[in-house]
Amino acid sequence: MNIDTLIVQSGTRRDPATGSISTPIYQVASFVHPELGKSTGFDYSRSGNPTRQSLEEAMAKLEGGKGAFAFASGMAAITATLFLFKPGDHLVVSNDLYGGTYRIFQELFQHYGIEASFVDTCSPDKIADAIQLNTRALFIETPTNPLMKICNLHSAIDLAKKHNLLTIVDNTFMTPYLQQPLKIGADIVVHSATKYLGGHNDLVAGIVVAKDKELADKIQFIQNASGSVLGPQDSWLLLRGLKTLALRMERHQENAMKIACWLQSQPSIEKVYYPGLPEHPGHEINQKQASGFGGMLSFAVKDPCLVPHILKNVQIISFAESLGGVESLITFPARQTHADIPADIREKIGVTDCLLRLSVGIENAEDLIKDLEGVLHE
Ligand SMILES: *Cc1c(COP(=O)(O)O)cnc(C)c1O
């Protein structure tokens, strides 16, 4: 079955008792046992809930994994994944990544003896140089956030396998509609489902998908033991949003391409970061590992004084954190998503005071361009 069909069929016809076409919301904590030693398959909603399970089964299918698990947020999903490691373990992590992921490594897991080296995972040599005797995993975002660099998944995964490391890919920006890292050989995919999977800027959720049964069993144990599960209402809302993922992604990337090309022609713009542009250094690699370029782009203005003007005066585009929803959002990474990354590191990797990140929504591209046109000059 094609991925767009699979996406639409997420969670359908799950209730044989009524034939209900969408998965019902099982707003329940506990399930009655028919008799001692017998179970309906559910006993307590932290361990398993039918609405959540329907979402989890759909996500496992979409990513091509043996098990998927839904969490209360993307950070809860990443936390659960990091519980796979123990004191003394080391991970090699993308240096241009979601600020919250950087924070959880540096300010939380480090206290528990789990170390991370942040390197440019777009360079296989730099990954190789960072691997130590105690390295257990590679943690990759591609495209990276917010600089939209492309990591070569095939070579990174080959390298990880050679050194017996797990490969964990944060697939939030691409979604399984455009990129399926498990099929390339990654072991775990994590998502902030708050973004494209939910797609409507109306819920916070996270997903972990494991390639094989052994890892799936471990994540399931961690999910039940640590308990940051996604509730039934939000599981339902996520399933509901998920069904239009294919259509939304097509429109997101069509709009992003138009806006990226238009921005490039503007005299006040220093640089546009969008992997769909043929001159983007990761353009060809991305084509080998994904079926599209997604809806995220960043751009640097020449004059940093323009930044507050843009953020204050956009009309259709909202100045707000987050991404991946139907509405276009613009953020200022240096002060928002990436504020926890020290200024010198930020500047070095290119997250400067001139950089803005645009989550291109599914509005009419012409209206979005007009909105930007109105704010690019003071
Ligand atoms: C938002 C985001 C996260 C964190 O997810 P939450 O749902 O906000 O907890 C992790 N990774 C990426 C790439 C994100 O964009």
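The values are calculated or read from the model by the stated rules, or taken from the named source; none is laboratory data. Every value quoted in this text rests on a predicted model; they were computed, and no experiment measured them. A quick note on method: Cβ atoms are made from the backbone with ideal geometry, for glycine too, and the neighbour counts reach across all protein chains shown. Quick note on the areas: whole protein, heavy atoms, side chains included, nothing else; ligands and nucleic acids left out. Shrake-Rupley method; radii C 1.70, N 1.55, O 1.52, S 1.80 Å.
Considering every residue within segment 317-326, establish whether at least one is surrounded by fewer than 20 Cβ atoms within 10 Å (Cβ to Cβ), over 30 Å from Glu63 (Cα atoms) and at pLDDT 95 or above. Yes, segment 317-326 contains at least one residue that is surrounded by fewer than 20 Cβ atoms within 10 Å (Cβ to Cβ), over 30 Å from Glu63 (Cα atoms) and at pLDDT 95 or above.
Kindly indicate whether Gln233 is among the polar types (S, T, N, Q), open to solvent by 40 Å² or more (accessible area, probe 1.4 Å) and closer than 30 Å to Val375 by Cα.
Numbers: among the polar types (S, T, N, Q): yes; open to solvent by 40 Å² or more (accessible area, probe 1.4 Å): yes; closer than 30 Å to Val375 by Cα: no.
Considered against the rule, which asks whether it is among the polar types (S, T, N, Q), open to solvent by 40 Å² or more (accessible area, probe 1.4 Å) and closer than 30 Å to Val375 by Cα, Gln233 comes out as no.
Of the residues Glu250, Glu214, Glu254, which single one is closer than 28 Å to Ala156 by Cα, open to solvent by 60 Å² or more (accessible area, probe 1.4 Å) and not assigned by TED's automatic domain parsing to the domain that holds Arg14? So the residue among Glu250, Glu214, Glu254 that is closer than 28 Å to Ala156 by Cα, open to solvent by 60 Å² or more (accessible area, probe 1.4 Å) and not assigned by TED's automatic domain parsing to the domain that holds Arg14 is Glu250. For segment 131-154, the count of residues that are in contact with a helix residue (DSSP H, G or I) (Cβ under 7 Å, 6 or more places away or on another chain), open to solvent by 10 Å² or more (accessible area, probe 1.4 Å), modelled with pLDDT of 95 or more and part of a strand (DSSP E or B) is zero.
In contact (Cβ under 8 Å) with a residue 12 or more places away in the chain, more than 16 Å from the ligand (Cβ to nearest atom) and out of contact with any helix residue (DSSP H, G or I) (no Cβ under 6 Å at 6 or more places or on another chain): is that true of Gly113 in this structure? Explain how you work it out, then say what you get.
Details: in contact (Cβ under 8 Å) with a residue 12 or more places away in the chain: yes; more than 16 Å from the ligand (Cβ to nearest atom): yes; out of contact with any helix residue (DSSP H, G or I) (no Cβ under 6 Å at 6 or more places or on another chain): yes.
Yes.
Check Pro267, Pro304 and return the single one that is farther than 20 Å from Lys149 by Cβ, in contact with a Ser or Thr (Cβ under 9 Å, 6 or more places away or on another chain), open to solvent by 30 Å² or more (accessible area, probe 1.4 Å) and not in a helix (DSSP H, G or I). So that I can check it myself, show each step before the final result.
On the way: Pro267 fails: in contact with a Ser or Thr (Cβ under 9 Å, 6 or more places away or on another chain).
Exactly one of Pro267, Pro304 is farther than 20 Å from Lys149 by Cβ, in contact with a Ser or Thr (Cβ under 9 Å, 6 or more places away or on another chain), open to solvent by 30 Å² or more (accessible area, probe 1.4 Å) and not in a helix (DSSP H, G or I), namely Pro304.
For the list (1) open to solvent by 10 Å² or more (accessible area, probe 1.4 Å); (2) outside the structural domain of Ala365 (by TED's automatic domain parsing); (3) in contact (Cβ under 8 Å) with a residue 60 or more places away in the chain, I need the number of the one condition that Trp262 fails. Checking Trp262 against (1) open to solvent by 10 Å² or more (accessible area, probe 1.4 Å); (2) outside the structural domain of Ala365 (by TED's automatic domain parsing); (3) in contact (Cβ under 8 Å) with a residue 60 or more places away in the chain, the one that fails is (2).
Counting only helices (runs of 4 or more DSSP H) wholly contained in segment 1-107, the ones carrying 1 or more residues that are without any contact (Cβ under 8 Å) to a residue 60 or more places away in the chain, aliphatic (A, V, I, L, M) and within 20 Å of Ala205 (Cα to Cα) occupy 74-82, 99-107.
Within segment 172-185, identify whether any single residue is in contact with a Pro (Cβ under 8 Å, 6 or more places away or on another chain), part of a loop (DSSP other than H, G, I, E, B) and closer than 27 Å to Ser228 by Cα, and answer yes or no.
Just the residues of segment 172-185 that are in contact with a Pro (Cβ under 8 Å, 6 or more places away or on another chain), to begin with: 173-174.
Okay, now just the ones that are also part of a loop (DSSP other than H, G, I, E, B), so 173-174.
Adding the requirement that they be closer than 27 Å to Ser228 by Cα leaves 173-174.
Yes, segment 172-185 contains a residue that is in contact with a Pro (Cβ under 8 Å, 6 or more places away or on another chain), part of a loop (DSSP other than H, G, I, E, B) and closer than 27 Å to Ser228 by Cα.
Within the set Ala68, Ala72, Ala77, the sole residue that is at pLDDT 95 or above, among the small types (Gly, Ala, Ser) and more than 9 Å from the ligand (Cβ to nearest atom) turns out to be Ala68. Against the criterion of being closer than 16 Å to Ile341 by Cα and basic (Lys, Arg), Arg136 does not qualify.
On the stretch given as segment 223-232, residues that are closer than 15 Å to Glu56 by Cα, part of a helix (DSSP H, G or I) and touching a Phe, Trp or Tyr at 6+ places or on another chain (Cβ under 8 Å) total 2. For segment 186-211, the set of residues classified as open to solvent by 10 Å² or more (accessible area, probe 1.4 Å) and more than 18 Å from Leu230 (Cβ to Cβ) consists of Asp187, Lys211, listed by residue number.
Go through Arg346, Arg357 for me and flag whichever is open to solvent by less than 50 Å² (accessible area, probe 1.4 Å), within 17 Å of Ser94 (Cβ to Cβ) and in contact (Cβ under 8 Å) with a residue 60 or more places away in the chain.
Arg357
Scanning segment 160-185 for residues that are away from the ligand (no atom under 15 Å from the Cβ) and open to solvent by less than 20 Å² (accessible area, probe 1.4 Å) turns up Ala160, Leu165, Thr167, Leu182, Gly185.
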